[in-house]
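Student: Handing you this structure, nothing more for now.
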Amino acid sequence: MSRVPLPYGPKILELFRNPKNAGPMEDATVSATAGSPICGDVIAIYLKIGEGDVVERASFESYGCAANIATASLLTEMVRGRTLKEAWGISWRELTEELGGLPSIKFHCGTLAVGALRRAIRAYYEERPHPDWLPEEATLEERQALEAEELGERLSRRIGGEKG
């Protein structure tokens, strides 16, 4: 069986080889993860929030492919200096465009990165007044990340049940 390499652009390859802001953040104000047990990709996002709800610093941990690492790395760069409201507005499509495109089979990497970011922002406001711009209901990216996680858990239980 042969494997055809994916057509990653130069920006993805650069961020994969030299990721920015990689690693946990010990003094993070908030963090969250999103993952897909089906493909094995996981992203953890850490945010240090300052005055005026501005992202002072962001970092990530990733277990996954080149696209997973590149999207998480770029996202940490994109959110720095933005308010949480502005960071919330980043979409997986915007992230993909900033990377110069992703192979369609890797679009979920952008969804996971944005899903982790939005989970972190929601977590930040759990013990603070809920801003009017933050939707009550989960967004598409949040639902997609959750659906991937739930599907993976159901499959794991089914497979584990068949073996046990």
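Student: Would you call Thr76 crowded, with 19+ Cβ neighbours inside 10 Å and modelled with pLDDT of 95 or more? Break it down into steps so the answer makes sense when it comes.
Tutor: Values: crowded, with 19+ Cβ neighbours inside 10 Å: yes; modelled with pLDDT of 95 or more: yes.
The answer is yes for Thr76.
Student: In segment 97-145, what residues are within 17 Å of Ile12 (Cα to Cα), over 12 Å from the mean Cα position of the chain (by Cα) and either hydrophobic (A, V, I, L, M, F, W, C) or crowded, with 16+ Cβ neighbours inside 10 Å (or both)?
Tutor: Of the residues in segment 97-145, the ones within 17 Å of Ile12 (Cα to Cα) are 97-114.
Filter once more, so that each one left must be over 12 Å from the mean Cα position of the chain (by Cα): 97-106.
Residues satisfying the conditions are Glu98, Leu99, Leu102, Ile105, Lys106.
Student: Something else: Take residues that are of a type in the set (Gly, Ala, Ser) and tell me which of the helices (runs of 4 or more DSSP H) falling wholly in segment 3-115 contain 3 or more. Quick ask: steps written out before the conclusion?
Tutor: Details: elements: 10-17, 66-79, 84-88, 92-98.
Passing ranges, in order: 66-79.
Student: OK, next. Residue check: is Arg82 under 16 Å from the mean Cα position of the chain (by Cα), among the basic types (Lys, Arg) and either at pLDDT 90 or above or surrounded by fewer than 16 Cβ atoms within 10 Å (Cβ to Cβ) (or both)? Walk me through it before giving the result.
Tutor: Details: under 16 Å from the mean Cα position of the chain (by Cα): no; among the basic types (Lys, Arg): yes; either at pLDDT 90 or above or surrounded by fewer than 16 Cβ atoms within 10 Å (Cβ to Cβ) (or both): yes.
Judged against the criteria, Arg82 is not a match.
Student: Within the group Gly81, Gly35, Gly101, which residue is closer than 29 Å to Pro131 by Cβ and touching a residue at least 60 places away in the same chain (Cβ under 8 Å)? Give the steps one after another, and end with the answer.
Tutor: Values: Gly81 fails: touching a residue at least 60 places away in the same chain (Cβ under 8 Å); Gly101 fails: closer than 29 Å to Pro131 by Cβ.
So the residue among Gly81, Gly35, Gly101 that is closer than 29 Å to Pro131 by Cβ and touching a residue at least 60 places away in the same chain (Cβ under 8 Å) is Gly35.
Student: Would you check if Ser91 is at pLDDT below 95, among the polar types (S, T, N, Q) and closer than 17 Å to Ile121 by Cβ?
Tutor: Working: at pLDDT below 95: yes; among the polar types (S, T, N, Q): yes; closer than 17 Å to Ile121 by Cβ: yes.
Spelling it out, Ser91 is indeed at pLDDT below 95, among the polar types (S, T, N, Q) and closer than 17 Å to Ile121 by Cβ.
Student: Can you report the number of residues in segment 64-97 which are within 12 Å of Arg118 (Cα to Cα) and in contact with a Phe, Trp or Tyr (Cβ under 8 Å, 6 or more places away or on another chain)? Let's see the steps before the verdict.
Tutor: Looking only at segment 64-97, we keep the residues that are within 12 Å of Arg118 (Cα to Cα), and these are 75, 79, 84-92.
Checking which are in contact with a Phe, Trp or Tyr (Cβ under 8 Å, 6 or more places away or on another chain) leaves us with 75, 84-85, 88, 92.
Residues meeting the conditions: 5.
Student: Which residue pairs have Cβ atoms closer than 8 Å, lie 6 or more positions apart in sequence or on different chains, and pair a first residue in segment 139-164 that is within 29 Å of Trp88 (Cβ to Cβ) with a second residue that is at pLDDT below 70?
Tutor: Hits for this filter: Ala148/Pro37; Ala148/Ile38; Glu149/Pro37; Leu151/Pro37; Leu151/Ile38; Gly152/Pro37; Gly152/Ile38; Glu153/Pro37.
Student: Sticking with this structure for a sec: With (1) touching a Leu at 6+ places or on another chain (Cβ under 9 Å); (2) modelled with pLDDT of 95 or more; (3) under 17 Å from Ala123 (Cβ atoms); (4) not small (Gly, Ala, Ser) as the list, and Ile43 as the residue in question, which single condition is left unmet?
Tutor: Of (1) touching a Leu at 6+ places or on another chain (Cβ under 9 Å); (2) modelled with pLDDT of 95 or more; (3) under 17 Å from Ala123 (Cβ atoms); (4) not small (Gly, Ala, Ser), only one is false for Ile43: (2).
The values are calculated or read from the model by the stated rules, or taken from the named source; none is laboratory data. All values reported here derive from a predicted model rather than from experimental measurement. Positions of Cβ are generated from backbone atoms using ideal geometry, with glycine treated the same way; all protein chains shown enter the neighbour counts.
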